[in-house]
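Worksheet: one structure, shown below.
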Amino acid sequence: PCLSPGDTSVLAGLYGPAEAKLSKELPDRAALEVLLRPKVGLPGVLERSREQQLRQTCEAVVLGALHPRTAITLVLQVLSDAGSLLSCCLNAACMALLDAGLPLCSLFCGVTCALGPDGAITLDPTARQEQEARAVLTFAIDSRERKVLMTTTKGSCSVEEMQQCLAAAQRAADTVFQFYRDSLRRRYSK
Amino acid sequence: FRTVEPLEYYRRFLKENCRPDGRELGEFRATTVNIGNTGSITTADGSALVKLGNTTVICGVKAELAAPAVDSANKGYIVPNVELPSLCSERFRSGPPGEEAQAASQFIADVIENSQMIVKEDLCIANGKLAWVLYCDIICLDYDGNLLDASVFALLAALKNVQLPAVLINEETGLSEVNLKQKTPLIIKKHPVATSFAIFDDTLLIVDPTAEEEDLATGTVTIVTDEEGRLCSVHKPGGSPLTGAKLQDCITRAITRHKEVKKLIDKVIKSITPK
């Protein structure tokens, strides 16, 4: 479990806080915008839905009240997709927010769980494992108390299975946060 | 006071565990549903009108013929489309569908896919040559919060009302002949029901939020369950963090709601079938 599990990679660019257009500016907080560009083709309905999820997740952690009437734009470009795409986007978004030095109230990380036909839980599944799975659940876990910031499910599962996946994801989140710490340490120790 | 400090106004009510419109925190608004020809679209193959308090959503299903995709030659298509026209609320402008409409369309498509409510193989008429395409148009007529619940309910009710005519393929000409006299109802395997919650101040969860409550909320959660108590979808697009226990509370509430909605749909269907 690392930032590019297998060959999935997402490039994230963050711009802001910059001046916002009059129509988009909010009087008391920063206006966050997320643009997700797929590897092939034009962004469609699926990208819009993912953008909305990413945007609301980021809005929950960014302290927008410190930068009112500004716009923060996050652009994500999918370079390759080999499974666990949404959690890769979440991780890329969080690292971009960290790199830009925006004030955050907590960090978040994305973890994907796939439920195999026999009930086995696989973390960070590859594209093939996702296809064979009965259900694929993606969670965004926050760093302070390991609470759930965002969930999305594909396929159906029972309540107990969901709770088990959630517990497994919360444990895996520790590894991802350690990775964040290591990469930032490397970046700033030069 | 309500217009000047809406959040404080709401907090006062929430402290007493109730809401300005008199509901409890876990209470739904009055739900009414109109299926089929009684007041809904007569030109569509199936239709339903759902009112959840003030939120009004109408769903029309049109069945058309098309060639199936090359890689899934025995599957038909279901194409949901959610529209939020500017007449339903002042927050939506006319023009191309905004983010909320697109995200809602994607959510409905996911629910249909995840819950397997319609098996796509049932929609196939001739392998590789002809299949049904069900265009489901969900249009909001009045937006007062909780769009996703009402849309899923309207979709379910409309699909239950759909009657597909029998289609024969003429061997000689290769064309299809539609027999409008012989109609069979659509087979619906599962009945997913959505329950939405709004999160306030990181702790309080209220069910079935109105538009005002949605604006003031710090996050939303939508849970879709089917008859067996399985989760078809847990949709929490960002917003305040929730613990696993709180999520569990939401799920139990959603399962209870499912039973209420199922009873309502069955009652309405029974009341229109004798005609």
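Only the coordinates and a few stated rules stand behind these numbers; no lab work does. Here the structure is a predicted model, which means the values were calculated and not measured. Using ideal geometry, Cβ is built from the backbone for each residue, glycine included, and neighbour counts are taken over all protein chains shown.
The table for this structure:
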| read-out | value |
| --- | --- |
| Options B:A245, B:A198: the member that is within 14 Å of another protein chain (Cβ to nearest Cβ), surrounded by 13 or more Cβ atoms within 10 Å (Cβ to Cβ), more than 30 Å from B:C124 (Cα to Cα) and not aromatic (F, W, Y) | B:A198 |
| Number of positions in the stretch A:105-121 that are surrounded by fewer than 18 Cβ atoms within 10 Å (Cβ to Cβ) and not charged (D, E, K, R) | 7 |
| Per-region count, the stretch B:221-275, residues touching a helix residue (DSSP H, G or I) at 6+ places or on another chain (Cβ under 9 Å) and free of Cβ contacts under 8 Å to residues at least 12 places away in the same chain | 4 |
| Index of the failed condition, A:F139 passing every other in (1) more than 8 Å from chain B (Cβ to nearest Cβ); (2) over 13 Å from B:T243 (Cα atoms); (3) not hydroxyl-bearing (S, T, Y) | (2) |
| Single match in B:A166, B:A150, B:A158, B:A154 (criterion: of a type in the set (G, A, S), touching a Lys or Arg at 6+ places or on another chain (Cβ under 9 Å) and in a helix (DSSP H, G or I)) | B:A150 |
| Candidate set from the stretch A:142-166 (those that are more than 7 Å from every other protein chain (Cβ to nearest Cβ) and in a helix (DSSP H, G or I)); member that is surrounded by the most Cβ atoms within 10 Å (Cβ to Cβ) | A:C165 |
| Out of A:R50, A:R55, sole residue that is part of a helix (DSSP H, G or I), more than 19 Å from A:E19 (Cα to Cα) and either of a type outside the set (D, E) or touching a residue at least 24 places away in the same chain (Cβ under 8 Å) (or both) | A:R50 |
| Filtered residues of the stretch B:215-242 (kept if part of a loop (DSSP other than H, G, I, E, B) and within 10 Å of chain A (Cβ to nearest Cβ)) | B:T218, B:D226, B:E228, B:G229, B:R230, B:P237, B:G238, B:G239, B:S240, B:P241 |
| Test set (1) more than 14 Å from chain A (Cβ to nearest Cβ); (2) within 25 Å of B:K236 (Cβ to Cβ); (3) surrounded by fewer than 16 Cβ atoms within 10 Å (Cβ to Cβ) - B:N127 fails condition number | (2) |
| Qualifying residue in the stretch A:31-41 (condition: aliphatic (A, V, I, L, M) and farther than 17 Å from B:E99 by Cα) | yes |
| Residue that is nearest to B:E212 (Cα to Cα), among those in the stretch B:68-102 that are in contact (Cβ under 8 Å) with a residue 40 or more places away in the chain and over 22 Å from the mean Cα position of the chain (by Cα) | B:K75 |
| Single unsatisfied condition, B:V178 versus (1) outside any loop (DSSP other than H, G, I, E, B); (2) over 22 Å from the mean Cα position of the chain (by Cα); (3) within 14 Å of chain A (Cβ to nearest Cβ) | (3) |
| Selected residue [buried (at least 24 other Cβ atoms within 10 Å of the Cβ), more than 14 Å from chain B (Cβ to nearest Cβ) and touching a residue at least 60 places away in the same chain (Cβ under 8 Å)] from A:C88, A:C94 | A:C88 |
